[in-house]
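Engineer: One structure, as structure tokens, below. Some questions next.
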Amino acid sequence: MSKKIELSLIVSCLGLGLVLTLLLVETRRGPSDTAVSRPDIGGAFSLIDHDGVRVSDADYAGRPLLIYFGFTYCPDVCPLSLDIMGAALQHLKKTAPKKEARLQPLFISVDPARDTPAQMKDYVSYFHPRLIGLTGTPEQIDAVKRAFRIYAAKTPGTDENGNYNVDHSSFFYLMDGRNRYIAHFSHTMAAPDIAAGIAAKLP
Ligand code: NI
């Protein structure tokens with residue numbers, strides 16, 4: 001084999017390798033495969049909104065969602081987190097107003113026994129004018145908690161007013177217009193950083 005043929009074989013092998021690699025990368029990026037790399041968080045839900053109306057994920061189809069799970073009797077983490085959520089949305093309204101307008105913030109109860117629609121409606125009004133509170137039957141809440149992999153458990157005992165506490169996960173879940181997970185943010189992040197994260201992740 002001459003040096004010239006040997007060299008051209010090596011070059012074509014390299015070329016073929018490159019083409020195959022690019023094809024593989026393209027295939028992996030293909031729309032049919034995107035679900036593979038997506039964490040299994042989120043899914044269909046059926047709940048009751050803060051006006052007492054039955055709603056499902058289909059009612060928000062086409063709109064990205066920012067979802068926080070908690071309960072209105074929460075003494076600390078929920079009010080702090082929802083304050084940050086409201087501030088992040090205000091920040092997003094200034095920096096990316098179109099994205100902010102499309103985004104629907106939701107607060108889903110992990111304590112349906114006490115969080116009635118009226119209780120939710122009053123509570124969410126303190127944090128953001130567009131925040132919608134969702135509650136439901138214990139079965140509906142269990143199902144949505146499972147879908148979003150939310151940990152929530154009543155702690156034993158009650159305080160002097162007879163109120164129990166509920167330990168729960170504390171994340172803001174950013175979902176796309178088809179209720180599929182995009183990203184999550186911690187309540188320990190600063191509001192402008194959450195807003196920047198949302199702006200970067202939303203198309
Ligand atoms: Ni809480």
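A short reminder: the numbers here are calculations on the coordinates, not readings from a lab. On a predicted model such as this, the values are computed, not experimentally measured, just so you know. When we count neighbours, we look across all protein chains shown, and the Cβ atoms used for this are built from the backbone with ideal geometry, even at glycine.
Engineer: Would you please give the FRET efficiency between Asn163 and Ser46, computed as 1/(1 + (r/R0)^6) with r the Cβ-Cβ distance and R0 = 22 Å, to the nearest 0.05?
Structural biologist: E between Asn163 and Ser46, to the nearest 0.05, is 0.20.
Engineer: Shifting gears a bit: How much length is gained if the chain between Lys201 and Asp122 is pulled fully straight, taking 0.36 nm per residue apart and subtracting their Cα-Cα distance, in nm to one decimal?
Structural biologist: 25.4 nm
Engineer: Residues with amide H under 5 Å of His184's amide H, sequence separation 5 or more or different chain, H placed in the peptide plane at 1.01 Å from N; which?
Structural biologist: Close amide H contacts, sequence-distant or interchain: Leu174.
Engineer: Work out how much length Tyr151 to Ser186 would gain on full extension: take 0.36 nm times their residue separation and subtract the Cα-Cα distance, in nm to one decimal.
Structural biologist: Separation in residues times 0.36 nm, less the Cα-Cα distance, equals 11.1 nm.
Engineer: My understanding is that a pair violates if its Cα-Cα distance is over 30 Å; which of Lys94/Lys121; Lys99/Lys121; Lys98/Lys154; Lys99/Lys154; Lys94/Lys145 do that in this structure? Write down the numbers at each step before the final one.
Structural biologist: Numbers: Lys94/Lys121 26 Å; Lys99/Lys121 24 Å; Lys98/Lys154 39 Å; Lys99/Lys154 36 Å; Lys94/Lys145 32 Å.
Check vs 30 Å cut-off fails for Lys98/Lys154; Lys99/Lys154; Lys94/Lys145.
Engineer: Assign one of three labels to the stretch 134-199, namely rounded, prolate or oblate, based on the Cα gyration tensor with a ≥ b ≥ c the square roots of its eigenvalues; rounded applies when a/c is under 1.5, prolate when it is not and a/b is larger than b/c, and oblate otherwise.
Structural biologist: Oblate.
Engineer: Could you check the spin-label model distance between Asp142 and Val77? Points 7 Å from the Cα along Cα→Cβ, value in nm.
Structural biologist: Taking the simple label geometry, Asp142 and Val77 are separated by 2.2 nm.
Engineer: With θ set to phi - 60°, apply the Karplus curve 6.51 cos²θ - 1.76 cosθ + 1.60 along the stretch 123-140 and write out the HN-Hα couplings as whole Hz, x wherever there is a Gly or Pro.
Structural biologist: 5, 5, 5, 6, 10, 7, x, 9, 5, 10, x, 10, 9, x, 6, x, 5, 5
Engineer: Mind listing the long-range amide H neighbours of Leu134? Cut-off is under 5 Å, sequence gap 5 or more, other chains count too, H placed in the peptide plane at 1.01 Å from N.
Structural biologist: When sequence neighbours closer than 5 places are left aside, the close amide H contacts are Phe107, Ile108, Ser109.
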